[in-house]
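Every number in this text was worked out from the coordinates using simple rules, so none of it is lab data. Owing to the predicted nature of the structure, the values given are computational and were not obtained by experimental measurement. Cβ sites come from the backbone with ideal geometry, for glycine too, and all protein chains shown count toward neighbours.
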Amino acid sequence: MTRPLSVFLCHASQDKPAVRELYKRLSAEKWIDPWLDEENLLPGQDFDLEIDRAIHDADAIIICLSSLSVTKEGYVNKEIRRALDVSDEKPEGSIYIIPLRLDDCEPSFSRLKKLHWADYFTPNAHEKLIKSLRLRATALGLETQENAGKAAPAETDLSLHQFVEILPQEGAKATHPFWIGKYPVTNSQYERFLNSGDFSNPVYWLDFPKFDMNCAPVGDWGKTGLDFLREELKKVDTGIVKPRFWDHKDFGILNPHHPVVGVSWFEANAYCEWVYKNWTHLPEGRENPRLFPKQIRLPLNTEWTTAYGGDVPDKRYPWDAPGEATTSLKVILERANVEESGFGHTTPVHAYPLGQSPFGVMDMAGNVWEWQANFFIKDFEWLAFRGGSWYHNQFVDRVTGRQFFHVSRPAKAWNDYGFRMVVIPR
């Protein structure tokens, strides 16, 4: 048979960002047809009827569970009961329901506890999930590709490497053309730097450009970045400096499409230099064929604000139309990972497509604070941030939330510090 394996994704609304990421990864396998309500339901359809139909028609059901969802009474429990009832009709011993733990939670349904869980927060969990689905497909006589069960490397996910061209209009904060990363830099992207073999090459750590509080150039940082690197290398024996939360289950490399966090301003700059020096050999160069870099660095406050869509009115979010400022918490939660979302950690950089700026730049509100190239208070060597984070509330995550709130020195690194890149074209 040539039809794809139909997979229903059962989940609570609280886990929507993580499930969107799962949906995308399953969709990349051409032999799998995942079913997700926000992707498959059409306007005007009967919600309950279509959910029932999708569950009954599914070849396999993945029940996504988290510490947030297992304690919630609601629609997801109804879906789980439906799925368990349908599973009673299946041959004993067949793979049909797959409980997928998104974090270290305890499933409340006793009938789920007898099934082997897949822990999506552990290494190789996706590969194991694909293996189970492949066995299910084989049992049903469905065809799979030769590379079924192998997760596509992040290196081939070129969408993460896109840059957006910004041609400032009259009145914009920035007055020069530039390109800005469509997404913050992710764990999978930063991992390439760690594994490059020349992470500690001094050329990546010298002469970072220096800008004052008005975003005017004021020389460079000389060997300050290299001094930082050498001090950090004394603490390890690997020849590389991992981000501070690299091995954390919620923030680190186990979450390849989450923004990299726990990086200092120096490390963020060194990564920019590494991409610049290796541009033609990286996906960034292939994915942006019209772009020939003269410089790659962190954004200036003026550039970041322009890509955001401006700062008028001062309470606006990147998705707001000109002159408007969102006040509805429901709308904000559909568009950004903020404290009120309740996740307590980062989410995939492409999890909130409704939150894009007028230029199509993603994740500029919430998720992680983004290091800027310029000073905020020069006398104290405090550098600017923009964007807010998962740790801060909806009000901090507005366009001006950073102005008198969050600054840091270049050696600091925390679990809501990230960055994106800017390219100045030739």
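Observations on the structure shown:
- Across the cross-link table entries K30/K131; K294/K378; K30/K128, which are compared at the Cα atoms, the separations over 24 Å belong to K294/K378.
- For segment 127-137, 3J(HN,Hα) per residue [Karplus equation, 6.51 cos²θ - 1.76 cosθ + 1.60, θ = phi - 60°, Hz, x = Gly/Pro]: 4, 5, 4, 4, 4, 5, 5, 5, 4, 5, 4
- Contour minus Cα-Cα distance for S159 and A325 (0.36 nm per residue): 56.9 nm
- Distances between placed amide hydrogens fall under 5 Å for E381 paired with no residue 5 or more residues away or on another chain.
- Counting 0.36 nm for each residue step from F121 to E106 and taking away their Cα separation leaves a gain of 4.0 nm.
- Nonlocal amide H pairs with A373, under 5 Å, H built at 1.01 Å: L300, N301
- Taking amide H positions as modeled 1.01 Å from N, with prolines and chain starts lacking one, the residues under 5 Å from N337 and 5 or more places away or on another chain are N367.
- Gain on full extension, evaluated as 0.36 nm per residue between L140 and D33 minus their Cα-Cα distance, stands at 37.1 nm.
- Remark: relative contact order (segment 156-425) = 26 percent; criterion is Cα-Cα distance under 8 angstrom and separation of 6 or more residues.
- Per-pair calculated FRET efficiency, R0 = 25 Å: D220 and R409 via Cβ, rounded to 0.05: 0.90
- Ranking of E165, E231 by count of other Cβ atoms within 10 Å, fewest first: E231, E165
- Spatially proximal aspartates and glutamates relative to K173 (Cα-Cα < 17 Å; intrachain offsets below 8 disregarded): E165, D212, E303, D311, D314
- Under the Karplus curve 6.51 cos²θ - 1.76 cosθ + 1.60, θ = phi - 60°, whole-Hz ³J(HN,Hα) for segment 344-361, x wherever Gly or Pro sits: x, 6, 5, 10, x, 5, 9, 6, 10, x, 6, x, 5, 6, x, 8, x, 7
- Computed 3J(HN,Hα) for segment 225-240, one whole-Hz value per residue from the Karplus formula 6.51 cos²θ - 1.76 cosθ + 1.60 where θ = phi - 60°, is x, 5, 4, 4, 4, 5, 5, 5, 5, 5, 8, 10, 10, 9, x, 9, glycine and proline marked x.
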